[in-house]
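A quick write-up on the structure given underneath.
Where a number appears in this text, it was derived from the coordinates with a stated rule and is not lab data. All figures in this text were calculated on a predicted structure; none of them were measured in a lab. Ideal geometry is used to build each Cβ from the backbone, glycine not excepted, and the neighbour counts take in all protein chains shown.
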Amino acid sequence: MRNSFVERETLETKVKVKLKLDGSGIFDIKTPVPFLNHMLKTLCLHSMMDLVVEASGDLAHHIIEDTALVIGKAIGKALGDRKNLKRFGYARVPMDESLAEAAVDLIKRPYAVTRLKISCETIEGFDSKMVAHFINSLAYSIPATIHVNVIYGYNDHHKTEAAFKALALAFKEAWTITGTLASVKGAYE
């Protein structure tokens with residue numbers, strides 16, 4: 001079973017994450033940041049991973065960042081040696097007037113590109129710059145290569161949600177077990 005538990009406690013935050021990659025999209029998300037909770041539930045439901053998150057801290061920025069770091073480490077831990085994974089995943093998702101795409105490579109090389117086209121400063125009280133920061137932190141802590149691109153849209157909530165849904169579906173495809181090593185190098189590094 002591809003499960004993991006990771007926790008992180010600093011002077012700024014306390015985050016606990018328990019996940020099961022081969023789940024059914026069950027979630028129990030508890031952070032003081034409502035829009036983060038919404039996006040994490042979206043990520044769970046569409047990737048079909050089961051996820052429990054408990055996060056608290058001094059500032060929303062620290063909570064969001066550290067939650068991404070801990071979820072990323074938990075995903076990386078659950079993936080194990082990654083030798084039997086499909087490795088690549090891609091999805092394009094509409095949400096009303098918005099369209100987003102995500103591509104994932106679960107090689108152990110951290111890199112992130114986020115082009116979200118978010119125009120407002122906040123989304124539901126959430127600092128909009130933190131959307132890209134969350135995705136970048138996630139990529140570097142897994143480690144994995146993640147590209148997320150909002151193609152078009154005018155509602156920033158919809159653009160963000162479409163991006164998270166696309167990311168979830170790309171993850172689900174990439175961490176599918178195929179039984180082969182998808183690398184000419186013979187290693188995922």
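Just a few scattered comments:
- Condition check for MET39: touching a Gly at 6+ places or on another chain (Cβ under 7 Å) and within 19 Å of ILE146 (Cα to Cα): no
- Filter pass, LEU51 being free of Cβ contacts under 8 Å to residues at least 60 places away in the same chain, under 21 Å from MET130 (Cβ atoms) and not in a strand (DSSP E or B): no
- Complete set of residues in segment 109-132 that are in contact with a Ser or Thr (Cβ under 7 Å, 6 or more places away or on another chain) and in a helix (DSSP H, G or I): VAL131, ALA132
- Matching residues in segment 138-160 - criterion: being aliphatic (A, V, I, L, M) and either part of a helix (DSSP H, G or I) or in contact with a Phe, Trp or Tyr (Cβ under 6 Å, 6 or more places away or on another chain) (or both): LEU138, ALA139
- Checked against the criterion of being of a type in the set (D, E, K, R), within 13 Å of the chain's Cα centre (by Cα) and within 24 Å of PRO34 (Cα to Cα), segment 147-165 contains one or more residues that satisfy it.
- Test: ILE135 is of a type outside the set (D, E, K, R), in contact (Cβ under 8 Å) with a residue 24 or more places away in the chain, surrounded by 16 or more Cβ atoms within 10 Å (Cβ to Cβ) and part of a helix (DSSP H, G or I): yes
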